[in-house]
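The values are calculated or read from the model by the stated rules, or taken from the named source; none is laboratory data. Being a predicted model, the structure only gives us computed values, none of them experimental. Positions of Cβ are backbone-derived with ideal geometry, glycine not excepted, and every protein chain shown enters the neighbour counts. These accessible areas exclude ligands, DNA and RNA; they are computed on the full protein's heavy atoms, side chains included. Shrake-Rupley method; radii C 1.70, N 1.55, O 1.52, S 1.80 Å.
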Amino acid sequence: MHRTEAARRLRGRWAAFSRALAEYYAGPYRQMLAREQRDEDDLFTLIVLSEALGVPDPAAYYSAELMPLVAGDFHRWHRRMGMPRSPLNHVSCC
């Protein structure tokens, strides 16, 4: 019983140390990493919706399956891209 309690405390300390170390290294770059993640998400959304936006997409058959994944963020995406209204006639989010 005593050995398992010591092992549990050691795992807890190791987890706390690991979180602190990750915070130390990633903390100063958090804003930059979030911006890069948002840019990647915007590009992914553009690729998935390219056929609907009128851009020929050779992989439209495969990207159509991904449309439900980007539907929830569509409004924020088109606002971030500088479009005050939805660019798609069949999608009215505003």
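How many residues does the stretch 57-94 hold that are under 16 Å from ASP42 (Cβ atoms), in a helix (DSSP H, G or I) and open to solvent by less than 90 Å² (accessible area, probe 1.4 Å)? Counting residues in the stretch 57-94 that are under 16 Å from ASP42 (Cβ atoms), in a helix (DSSP H, G or I) and open to solvent by less than 90 Å² (accessible area, probe 1.4 Å) gives 9.
If I filter the stretch 41-56 down to residues being of a type in the set (D, E, K, R) and surrounded by fewer than 17 Cβ atoms within 10 Å (Cβ to Cβ), which single residue comes out as farthest from ARG85 (Cα to Cα)? Break it down into steps so the answer makes sense when it comes.
Let us first name the residues in the stretch 41-56 that are of a type in the set (D, E, K, R), namely 41-42, 51.
Now restrict to residues that are surrounded by fewer than 17 Cβ atoms within 10 Å (Cβ to Cβ): 41-42.
On the way: ASP41: 20, ASP42: 17 Å.
Selected residue: ASP41.
Answer yes or no as to whether LEU21 is open to solvent by less than 90 Å² (accessible area, probe 1.4 Å), part of a helix (DSSP H, G or I) and modelled with pLDDT of 90 or more.
Numbers: open to solvent by less than 90 Å² (accessible area, probe 1.4 Å): yes; part of a helix (DSSP H, G or I): yes; modelled with pLDDT of 90 or more: yes.
For LEU21, the condition - open to solvent by less than 90 Å² (accessible area, probe 1.4 Å), part of a helix (DSSP H, G or I) and modelled with pLDDT of 90 or more - is met.
Evaluation of ALA16 against the conditions (1) closer than 29 Å to MET81 by Cβ; (2) at pLDDT 95 or above; (3) not aromatic (Phe, Trp, Tyr) shows that the sole unmet condition is (1). Taken as a whole, the stretch 21-35 holds at least one residue that is within 17 Å of ARG80 (Cα to Cα) and charged (D, E, K, R).
Please tell me if MET32 is touching a Leu at 6+ places or on another chain (Cβ under 9 Å) and part of a helix (DSSP H, G or I). Don't jump to the end; show me each part of the working.
Numbers: touching a Leu at 6+ places or on another chain (Cβ under 9 Å): no; part of a helix (DSSP H, G or I): yes.
For MET32, the condition - touching a Leu at 6+ places or on another chain (Cβ under 9 Å) and part of a helix (DSSP H, G or I) - is not met.
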